[in-house]
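Have a look at the structure below before the remarks.
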Protein chains: 2
Amino acid sequence: MTTKALIEQIHKKKSFLCIGLDTDMDKIPTYLLSEDDPIFSFNKAIIDATHKYAVAYKPNIAFYEAYGIKGWKSLKKTIEYINHNYPEIFTIADAKRGDIGNTSAMYAKAFFQELAFDSVTVAPYMGKDSVEPFLEFPNKHTIMLALTSNEGAFDFQTLKTNEQELYKTVIEKSKSWKNSDQLMYVVGATKAEYLGEIRKIIPDSFLLVPGVGAQGGRLEEVCKYGMNKDVGLLINSSRAIIYASETSNFAEIAAAKAEVIQGQMAEQLESL
Amino acid sequence: MTTKALIEQIHKKKSFLCIGLDTDMDKIPTYLLSEDDPIFSFNKAIIDATHKYAVAYKPNIAFYEAYGIKGWKSLKKTIEYINHNYPEIFTIADAKRGDIGNTSAMYAKAFFQELAFDSVTVAPYMGKDSVEPFLEFPNKHTIMLALTSNEGAFDFQTLKTNEQELYKTVIEKSKSWKNSDQLMYVVGATKAEYLGEIRKIIPDSFLLVPGVGAQGGRLEEVCKYGMNKDVGLLINSSRAIIYASETSNFAEIAAAKAEVIQGQMAEQLESL
């Protein structure tokens, strides 16, 4: 998918919501466990109910890998279901991959070709030649960790490297990599004030922002510092939406949650 | 597997060789492609031929993921084959994973429980709470990237953070993490001189060293700087062994390559 098509979808749906499919057998309604593929059944219900309010879905690959071959099958069915029924939706394989060049090329093949995702998240520790193989695929996007939303973000990402924090150096260096226009960045919303700093380095790139939750206040703050003329934001919510209810109408309740967030996003878009 | 059992195996086999199973459909002998599971057939032949000379096998997970469900099946058969037939062998899932706590816990489940590997490689960028979930599994080992062997290692890993390079800070901080005695570290052999520096910080930990190739000279240098009283080294070779020949006796030729390296390692062990 082109960035242009993503932006058009955002304006059409008045939403920049990404729904994280961190689908966990221990958390989905128990009556689904008797189904042939409970994870896919859950995802399908969530996707059918929420697709009007979301512009992106982000399966968290760990949750599928944890179930081995069975989990990989659920993942494949999920991405095929989205691509077939809602081809306008931007898909993110949240995989945090990254290795030496020939190995990263294999990961890129796995997520861009075998599974046909539009994008994949990657980790920057191994540098340029660990990320560039992902950037070789036209109209595919590589979403690199910059500043994450967890406590451990302050272990290394905010260390001063010469003049500035590591995450800023990571972002800055990545701008010179081949096909860097296909890069997006993960920036945790627990640090909305950092978004302004990041926008000075990459005014035009899309940011994938986890950790907002369902609170309108934080959304407003993230938009204040992070939004650009093309919106430039995908805000992810996982558990607050998909596990909003454990009853048989979990999908409708998830949709209601998503609709509330979409409404808040529509307000923010008016200010553009 | 306990570290003690690994050390015993090293002394018994007079080897600290790890063989990387970067099994690529485009590189294995073409006659194998007509088999039901060419990747597993290749791995099985390599393992049967080389297990006397190696103490560890390291499937590179990207190479299996690239083939989707089929690849995941080949991976599962491979690890089950090793665990069943050669239970003394230390197994490494080379996966370079790392995410927020609950997600890392799922990756740990995938590799330690679902696939029953002894260890997994992880990336440190997301800090303490992204690595500790892996360390919760008793007698399992977490092999964290410190200084990698690729060109991109110099993009961020060697940046000065306050007083010292990032990779040193990564190693130093990790020592305070819970169950850090189950940590090992990836240190590329392209920088043998750095091994001495690293040994000052972690004299006792095992180091997984890629990038040695088949040259005896580099092996000697790595041992000079990196070996400790318990050996403390696992030296990986992938392509130089497994793709030594494309003929029908590829496995014997791989074994001959492995035997040469094992012989060089035996010499190094005599100096202990």
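Hey, what number do you get for the protein assembly as shown at 222 nm if only DSSP H runs of n ≥ 4 count, each worth -39500 (n - 2.57), divided across all residues, to the nearest 500? Don't jump to the answer; show the numbers that get you there.
Values: 24 runs with 244 residues, N = 544.
That calculation yields -13000 deg cm²/dmol at 222 nm.
For B:Lys52, the lysines whose Cα comes closer than 18 Å to its Cα, not counting residues fewer than 8 places off in the same chain, are B:Lys12, B:Lys13, B:Lys14, B:Lys44, B:Lys257. Comment: the Cα-to-Cβ extended label point of A:Lys4, at 7 Å, lies 6.7 nm from its counterparts in the other copies, nearest first.
Roughly to the nearest percent, how much of the accessible area of region A:124-272 is carbon and sulfur, given a 1.4 Å probe?
Details: 2720 of 5930 Å².
Carbon-and-sulfur percentage of accessible area, whole number: 46.
For chain A, the longest principal axis of the C-alpha atoms and the axis of helix A:68-85 are separated by about 90°.
Looking at chain B as a GNM with Cα springs under 10 Å, which of B:Ser238, B:Ser176, B:Ser15 has the largest mean-square fluctuation? Top of the fluctuation ranking is B:Ser176. At full extension, A:Glu193 and A:Lys52 could sit 47.7 nm farther apart than now, given 0.36 nm per residue minus the alpha carbon distance.
Of all aspartates and glutamates in the structure, those lying under 19 Å Cα to Cα from A:Lys178, and not within fewer than 8 positions of it along the same chain, are A:Asp99, A:Asp118, A:Asp129, A:Glu132, A:Glu136, A:Asp204, B:Glu151, B:Asp155.
Only Cα pairs within less than 10 Å get springs; with that Gaussian network setup on chain B, which residue of B:His141, B:His51, B:His11 has the largest fluctuation? Highest fluctuation of the listed residues: B:His11.
Please give me the summed charge of the neighbours of B:Gly152: other residues whose Cβ is under 12 Å from its Cβ, Lys and Arg +1, Asp and Glu -1. Neighbour charge sum, excluding B:Gly152 itself: -3.
The accessible area of B:Arg199, taken with all protein chains in place and a 1.4 Å probe, comes to roughly 30 Å². Shielding by partners for peptide B:115-128, expressed as the average number of C-beta atoms from other protein chains within 10 Å of each residue's C-beta, is 5.
Using a Gaussian network model of chain B in which every pair of alpha carbons under 10 angstrom is joined by a spring, one finds that among B:Asn60, B:Asn102, B:Asn228 the greatest mean-square fluctuation is at B:Asn102. Average accessible surface for the protein assembly as shown: 36 Å² per residue, computed with a 1.4 Å probe over protein heavy atoms with every protein chain in place. Each Lys or Arg adds one and each Asp or Glu subtracts one; over the other residues with Cβ under 13 Å from the Cβ of A:Asn85, this totals 0. With a bin width of 5 angstrom, please list the P(r) values of chain A as percents of all Cα-Cα pairs, from the 0 bin to the one holding the largest distance. Per 5 Å bin, starting at zero, the Cα-Cα P(r) for chain A comes out as 1, 6, 13, 17, 19, 18, 13, 8, 3, 1, 0, 0 percent. Relative contact order, whole percent, for chain B stands at 21, derived from Cα pairs under 8 Å and 6 or more residues apart. For peptide A:157-170, the mean count of partner chain Cβ atoms within 10 Å of a residue's Cβ comes to 3. Any chance you could give the angle, 0 to 90 degrees and rounded to 10, that helix B:192-201 forms with the longest Cα principal axis of chain B? For B:192-201 against chain B, the angle is about 50 degrees.
Taking region A:231-263, which GluC sites (Glu not before Pro) meet the DSSP loop condition and have no more than 11 other C-beta atoms within 10 Å?
Values: sites: A:Glu246, A:Glu252, A:Glu259; in loops: A:Glu246.
Loop-located and lightly packed - none at all.
Note the angle between two axes, namely the Cα long axis of helix A:3-13 and the longest principal axis of the Cα atoms of chain A, as a number of degrees from 0 to 90, rounded to the nearest 10. The two axes meet at around 50 degrees. Residues of region B:131-153 whose accessible area (probe 1.4 Å, heavy atoms of protein chains only) drops by at least 50 Å² once all protein chains are present, relative to their chain alone: B:Asn150. Were the residues from A:Asn85 through A:Asp36 laid out at 0.36 nm apart, the gain over their Cα-Cα distance would be 15.6 nm.
Counting only protein heavy atoms and rolling a 1.4 Å probe, how much accessible area do A and B lose on contact, total for both sides, in Å² to 100? Each step should come with its number before you reach the end.
Details: alone 12360 and 12330 Å², together 19630 Å².
Rounded to the nearest hundred, the buried surface is 5100 Å².
Which of rounded, prolate, oblate describes the protein assembly as shown, given a ≥ b ≥ c as roots of the alpha-carbon gyration tensor eigenvalues and a/c under 1.5 marking rounded, otherwise prolate only if a/b is larger than b/c? The shape class here is prolate.
Simple spin-label estimate for B:Asp181 and B:Lys4 gives 1.0 nm between the two label positions (7 Å along the Cα-to-Cβ direction from each Cα).
Calculate, in nm to one decimal, what B:Asp230 and B:Phe154 gain on full extension: separation in residues at 0.36 nm each, minus their alpha carbon distance. Don't skip to the answer; put the middle values down first.
Numbers: separation 76, 0.36 × 76 = 27.36 nm, distance 2.97 nm.
Computed gain between B:Asp230 and B:Phe154 is 24.4 nm.
With a/c under 1.5 counting as rounded, go ahead and sort region B:98-150 into rounded, prolate or oblate using the C-alpha gyration tensor (a ≥ b ≥ c being the square roots of the eigenvalues; past the cut-off, prolate if a/b is larger than b/c, else oblate). In terms of gyration-tensor shape, oblate.
The values are calculated or read from the model by the stated rules, or taken from the named source; none is laboratory data. What you see is a predicted model, and the numbers here were worked out from it, not measured in a lab. Reconstructed Cβ throughout: ideal geometry from the backbone, glycine too, with neighbour counts over all protein chains shown. Just the protein is used for accessible areas: all its heavy atoms, side chains included, with ligands, DNA and RNA removed. Shrake-Rupley method; radii C 1.70, N 1.55, O 1.52, S 1.80 Å.
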